[in-house]
1. Restricting attention to segment 1-19, report how many residues are among the hydrophobic types (A, V, I, L, M, F, W, C), in contact with a strand residue (DSSP E or B) (Cβ under 8 Å, 6 or more places away or on another chain) and at pLDDT below 95.
2. Conditions: (1) among the hydrophobic types (A, V, I, L, M, F, W, C); (2) touching a His at 6+ places or on another chain (Cβ under 8 Å); (3) over 24 Å from Val178 (Cα atoms). Leu63 meets all but one. Number of the miss?
3. Which of the residues spanning segment 60-108 are among the hydroxyl-bearing types (Ser, Thr, Tyr) and either touching a Ser or Thr at 6+ places or on another chain (Cβ under 7 Å) or part of a strand (DSSP E or B) (or both)?
4. Scan segment 77-109 for residues that are under 20 Å from Glu53 (Cβ atoms) and either open to solvent by 40 Å² or more (accessible area, probe 1.4 Å) or of a type in the set (Phe, Trp, Tyr) (or both) and report the count.
5. Please determine, by comparing only the residues of segment 1-59 that are outside any helix (DSSP H, G or I) and polar (S, T, N, Q), which one is surrounded by the most Cβ atoms within 10 Å (Cβ to Cβ).
6. Kindly provide the set of residues from segment 60-70 that are surrounded by 15 or more Cβ atoms within 10 Å (Cβ to Cβ) and among the hydrophobic types (A, V, I, L, M, F, W, C), ordered by number.
7. Restricting attention to segment 152-166, does a residue exist that is hydroxyl-bearing (Ser, Thr, Tyr) and under 28 Å from Gln65 (Cβ atoms)?
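The values are calculated or read from the model by the stated rules, or taken from the named source; none is laboratory data. As the structure is a prediction and not an experimental result, all values here were calculated from the model. For neighbour counting, all protein chains shown are included, and Cβ atoms are generated from backbone atoms with ideal geometry for every residue, glycine included. Just the protein is used for accessible areas: all its heavy atoms, side chains included, with ligands, DNA and RNA removed. Shrake-Rupley method; radii C 1.70, N 1.55, O 1.52, S 1.80 Å.
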Amino acid sequence: MATHRLHIVSASTRPTSAGCPLAHWVTERARVHGEFEPTLIDLGEVALPFLDEPEHPSEGRYLHQHTKNWSATVGAADSFVFVMPMYNGGFSAPLKNAIDFLHQEWQGKPVGLISYSAGTSGGAPAVEMLRPVLDRVGLRPAPRSLSVPGIEDHLTPDRRFRATPALTGDADAVLDAVATLLTPPRPRAGATRS
């Protein structure tokens, strides 16, 4: 029974992005997982401008409707998976911008990281660059991540993501790690409550 609202955020805004099929596939894996009620969020469709709020996001006083809408979307989630490209060795500007718009809405929520690239790294360097940003806004990255190299090789002619058994297992492990962060830790055996 799905109990946790998981938002899978497709972090590329390019209309031909290979990340869109990957994000759709991750959403289906989350639906099969059983712990989540997944929703796919496409930053291209969200279409945030560059951060344009007059007050600091930590104040939570938003002037613009696009920020209020983004706040409601992020605030409704219990956890996230960011499906992110690597551009020139780093994470995408739209993802950084989407994070920067808000503050309180991210606090304490788990996030899984799934990256991709055309090359052999699968975007792993972008994941490592993003981790300090996530820490600053209070997101809790799952200890497992997934990097998909040669993303174009995993697309069918009709632009669907074709996963190998290894990629499926690794994606499920990321989802397991996110689910574990959502579960309150149980007291250790023999521990006393104060």
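1. Applying the first criterion (among the hydrophobic types (A, V, I, L, M, F, W, C)) to segment 1-19 yields 1-2, 6, 8-9, 11, 18.
Filter again for in contact with a strand residue (DSSP E or B) (Cβ under 8 Å, 6 or more places away or on another chain), leaving 2, 6, 8-9, 11, 18.
In the following step, the residues that additionally are at pLDDT below 95 were identified as 2, 18.
The qualifying residues number 2.
2. (2)
3. Initial filter on segment 60-108 (among the hydroxyl-bearing types (Ser, Thr, Tyr)): 62, 67, 71, 73, 79, 87, 92.
Within segment 60-108, Tyr62, Ser79, Tyr87, Ser92 meet the criteria.
4. Taking segment 77-109 and keeping what is under 20 Å from Glu53 (Cβ atoms), we get 93-107.
If we keep only those that are either open to solvent by 40 Å² or more (accessible area, probe 1.4 Å) or of a type in the set (Phe, Trp, Tyr) (or both) as well, we get 93-94, 96, 100-101, 103-104, 106-107.
So the count comes out to 9.
5. If we filter segment 1-59 for residues that are outside any helix (DSSP H, G or I), which is where we start, we get 1-18, 34-42, 47-56.
Still in the list and also polar (S, T, N, Q): 3, 10, 12-13, 16-17, 39.
On the way: Thr3: 11, Ser10: 28, Ser12: 23, Thr13: 21, Thr16: 7, Ser17: 22, Thr39: 15.
Only one residue tops the list, namely Ser10.
6. Across segment 60-70, the qualifying residue is only Trp70.
7. Initial filter on segment 152-166 (hydroxyl-bearing (Ser, Thr, Tyr)): 156, 164.
If we keep only those that are under 28 Å from Gln65 (Cβ atoms) as well, we get none.
Within segment 152-166, not a single residue is hydroxyl-bearing (Ser, Thr, Tyr) and under 28 Å from Gln65 (Cβ atoms).
Per-residue answers, yes or no, for (1) open to solvent by 20 Å² or more (accessible area, probe 1.4 Å); (2) modelled with pLDDT of 95 or more:
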{"site": "Val111", "(1), (2)": "no, yes"}
{"site": "Gly122", "(1), (2)": "no, yes"}
{"site": "Ser145", "(1), (2)": "yes, yes"}
{"site": "Pro157", "(1), (2)": "yes, no"}
{"site": "Leu175", "(1), (2)": "no, yes"}
{"site": "Ala179", "(1), (2)": "no, yes"}
